[in-house]
Amino acid sequence: MKHVYIADAGSHEGQTVTVKGWLHNKRSSGRLWFLLVRDGTGMIQSVVSQKDVQEATFEAARTVNQESSVIMRGTVIADERAPGGYELQVEEMSVYQQAEEYPITPKEHGTAFLMDHRHLWLRSSRQRAILKIRHEIIKACRDFFDSRGFTLVDTPIFTPAACEGTTTLFETEYFGQKAFLSQSGQLYSEAAIAALGKVYCFGPTFRAEKSKTRRHLTEFWMVEPEVAWADLDDNMDLAEAFVSYIVEKVLENRGEELKQLERDTRPLERVQPPFLRISYDEAADILKQEGVSFELGNDFGGGDETVISGRFDRPVMVHRYPAAIKAFYMKRDPHDESRALGVDVLAPEGYGEIIGGGQREDDYETLRKRIDEHGLPQDAFQWYLDLRRYGSVPHSGFGLGIERTVAWICKLPHVRETIPFPRMMHRLNP
Ligand code: 4AD
Ligand code: MG
């Protein structure tokens with residue numbers, strides 16, 4: 001009998017098909033069993049009626065446990081009341097593996113318990129919806145750059161030097177040499193633009209974050225475009241179009257999942273260009289007006305970003321941070337050397353930074369000096385300095401954190417649910 005995925009059941013109405021999946025839930029009314037079966041593409045209510053099936057099938061329906069894997073043969077019937085609009089009238093069923101007593105039950109479980117059982121927790125409807133939206137966001141990232149003439153460049157994970165400061169480096173032994181897990185593919189993307197013009201890298205990045213916050217992981221995914229001959233304004237144009245496109249695609253293709261998460265989509269519908277562009281100094285002014293104590297020159301904390309972004313109904317771009325708190329590679333503002341030509345995009349509804357980027361220092365001598373000022377080893381950066389010796393050009397780029405973007409779009413309280421198997425300071429298992 002033809003194996004049909006539940007999402008396609010509708011096109012087999014009236015036919016006998018085979019469905020294979022997991023038992024999500026069941027209930028009985030005497031001589032009937034209603035089995036809710038899930039196969040990853042959807043959910044179908046399967047009805048086992050004592051008068052229509054052999055004793056073995058009815059017995060299987062009676063004894064099958066939550067999360068057992070099952071194979072059912074039956075007829076697809078349209079039924080408006082059934083979840084998904086179709087029902088399977090079961091003729092025969094077998095249990096491929098009878099599950100042991102499932103640890104996750106409909107009662108409330110604590111976060112630690114669920115995180116310890118993450119490998120099973122993924123099967124819940126809520127986690128499935130989040131993973132579907134994560135997938136949609138990643139696909140939108142690729143489609144956006146692919147359709148605009150960017151080339152994907154895969155950058156290394158083992159690296160000899162720091163990109164985003166030395167305090168969050170994961171160090172590892174590399175055949176008698178020291179290596180670090182990549183914090184960002186940016187420096188390598190900068191090399192690739194002289195070959196390809198517009199590039200992006202997309203991969204896992206690693207930071208030994210010792211902070212326990214709702215927005216920090218030690219392993220997270222970042223997509224990073226880099227563009228030759230682009231300045232800070234071009235970079236902000238790109239970021240604004242990019243974020244708007246991602247949100248548009250999720251609204252277009254993942255309405256069901258957003259509904260499942262009870263996400264109010266009105267704030268997402270407002271995410272369209274133009275985004276407001278304010279300077280660091282203007283952002284600091286907002287904090288002052290709101291009575292937040294903040295010392296000018298410091299970086300914004302998560303709470304500060306919540307207050308700043310709370311002023312706006314769509315993402316806001318904050319540019320020209322103090323150079324002293326930004327990475328060594330940032331170009332300084334020619335009108336004010338104390339400011340860097342960097343930009344952060346802060347997501348609304350309290351989410352804060354989802355993008356960091358800016359224009360890069362493209363002058364050899366200046367960059368050499370910065371590497372010294374930041375106490376970084378010149379040797380490890382020789383190749384990077386070379387890019388300023390052989391056809392240097394103005395260039396810019398940014399990095400968007402996938403998990404923070406998923407958290408915002410799904411409106412989740414914490415990034416731990418945005419990635420299949422989160423890695424945090426106190427979380428290496430499962
Ligand atoms: O602002 P960041 O550190 O910028 C860079 O790494 C640049 N090299 C990117 C570039 O210009 N090509 O990180 C970029 C984004 C942040 O805005 C945030 O969304 C995410 O990466 N991010 C994290 N996400 C989860 N957990 C962490 N520990 C993160 N650190 C940064
Ligand atoms: Mg940043």
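The values are calculated or read from the model by the stated rules, or taken from the named source; none is laboratory data. Only a predicted model underlies this, so the values are computations on that prediction, with no experimental measurement involved. Cβ atoms come from the backbone with ideal geometry, glycine included; neighbour counts cover every protein chain shown. What goes into the accessible areas is simple: the full protein's heavy atoms, side chains included, and nothing from ligands, DNA or RNA. Shrake-Rupley method; radii C 1.70, N 1.55, O 1.52, S 1.80 Å.
Residues Arg73, Arg81, Arg123: which one is of a type outside the set (Ser, Thr, Tyr) and either touching a Ser or Thr at 6+ places or on another chain (Cβ under 6 Å) or assigned to a strand (DSSP E or B) (or both)? Being of a type outside the set (Ser, Thr, Tyr) and either touching a Ser or Thr at 6+ places or on another chain (Cβ under 6 Å) or assigned to a strand (DSSP E or B) (or both) holds for just one of Arg73, Arg81, Arg123, which is Arg73.
Restricting attention to the range 157-183, report how many residues are under 19 Å from Gly399 (Cα atoms), among the hydroxyl-bearing types (Ser, Thr, Tyr) and open to solvent by less than 60 Å² (accessible area, probe 1.4 Å). Residues in the range 157-183 being under 19 Å from Gly399 (Cα atoms), among the hydroxyl-bearing types (Ser, Thr, Tyr) and open to solvent by less than 60 Å² (accessible area, probe 1.4 Å): 3 in total.
For the range 178-192, residues that are out of contact with any Leu (no Cβ under 9 Å at 6 or more places or on another chain) and either more than 16 Å from ligand 2 (Cβ to nearest atom) or of a type in the set (S, T, N, Q) (or both) total 8. Pro274 - would you say it is closer than 23 Å to His135 by Cβ and either open to solvent by less than 40 Å² (accessible area, probe 1.4 Å) or touching a residue at least 12 places away in the same chain (Cβ under 8 Å) (or both)? It is false that Pro274 is closer than 23 Å to His135 by Cβ and either open to solvent by less than 40 Å² (accessible area, probe 1.4 Å) or touching a residue at least 12 places away in the same chain (Cβ under 8 Å) (or both). For residues that are small (Gly, Ala, Ser) and in contact (Cβ under 8 Å) with a residue 24 or more places away in the chain, scanning just the range 280-307, find the one that is farthest from Asp336 (Cα to Cα). The qualifying residue farthest from Asp336 (Cα to Cα) is Gly302.
One line per residue, one yes/no per condition, for (1) in the same structural domain as Gly350 (by TED's automatic domain parsing); (2) within 25 Å of the chain's Cα centre (by Cα); (3) assigned to a loop (DSSP other than H, G, I, E, B):
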position	(1), (2), (3)
Asp233	yes, no, no
Asp237	yes, yes, no
Glu240	yes, yes, no
Leu268	yes, yes, no
Pro273	yes, yes, yes
Asp281	yes, no, no
Leu296	yes, no, yes
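Give the residue, chosen from Lys178, Lys132, that is among the basic types (Lys, Arg) and either within 21 Å of Ile419 (Cα to Cα) or not assigned by TED's automatic domain parsing to the domain that holds Gly301 (or both). Selected residue: Lys132, the only one of Lys178, Lys132 that is among the basic types (Lys, Arg) and either within 21 Å of Ile419 (Cα to Cα) or not assigned by TED's automatic domain parsing to the domain that holds Gly301 (or both). Taking the range 1-49 as the region of interest, the strands (runs of 3 or more DSSP E) fully inside it that hold 1 or more residues being under 17 Å from Gly85 (Cα atoms) and touching a Pro at 6+ places or on another chain (Cβ under 6 Å) are 43-49. Looking at the range 323-399, the strands (runs of 3 or more DSSP E) lying wholly inside it that each contain 2 or more residues that are within 30 Å of the chain's Cα centre (by Cα) and of a type outside the set (Gly, Ala, Ser) sit at 342-347, 352-359. Scanning the range 92-108 for residues that are open to solvent by less than 40 Å² (accessible area, probe 1.4 Å) and not hydroxyl-bearing (Ser, Thr, Tyr) gives Met93, Ala99, Ile104. Considering (1) open to solvent by less than 30 Å² (accessible area, probe 1.4 Å); (2) more than 16 Å from ligand 1 (Cβ to nearest atom), the lone condition that Ala194 does not fulfil carries the number (1).
Of note, Arg416 does not satisfy the criterion of being surrounded by fewer than 17 Cβ atoms within 10 Å (Cβ to Cβ), away from ligand 2 (no atom under 16 Å from the Cβ), modelled with pLDDT of 95 or more and assigned to a helix (DSSP H, G or I).
Of all residues in the range 193-225, those satisfying the criterion of being assigned to a strand (DSSP E or B) and either of a type in the set (Gly, Ala, Ser) or more than 16 Å from ligand 2 (Cβ to nearest atom) (or both) are Lys198, Val199, Tyr200, Cys201, Phe202, Gly203, Pro204, Glu219. Determine if the range 379-393 includes at least one residue that is near ligand 1 (Cβ under 9 Å from one of its atoms) and either without any contact (Cβ under 8 Å) to a residue 24 or more places away in the chain or assigned by TED's automatic domain parsing to the domain that holds Gly197 (or both). No: zero hits. Applying a threshold of 8 Å to beta carbon distances and a minimum spacing of six or more residues, or different chains, the list of pairs starting in the range 394-405 at a residue that is under 14 Å from Thr205 (Cα atoms) and not assigned by TED's automatic domain parsing to the domain that holds Thr366 and ending at one that is of a type outside the set (Lys, Arg) and more than 14 Å from ligand 2 (Cβ to nearest atom) is empty. The number of residues in the range 343-359 being away from ligand 2 (no atom under 11 Å from the Cβ), open to solvent by 10 Å² or more (accessible area, probe 1.4 Å) and not small (Gly, Ala, Ser) comes to 3.
Taking the criterion of being under 14 Å from Arg427 (Cβ atoms) and basic (Lys, Arg), the residues of the range 197-238 that qualify are Lys210, Lys212, Arg214.
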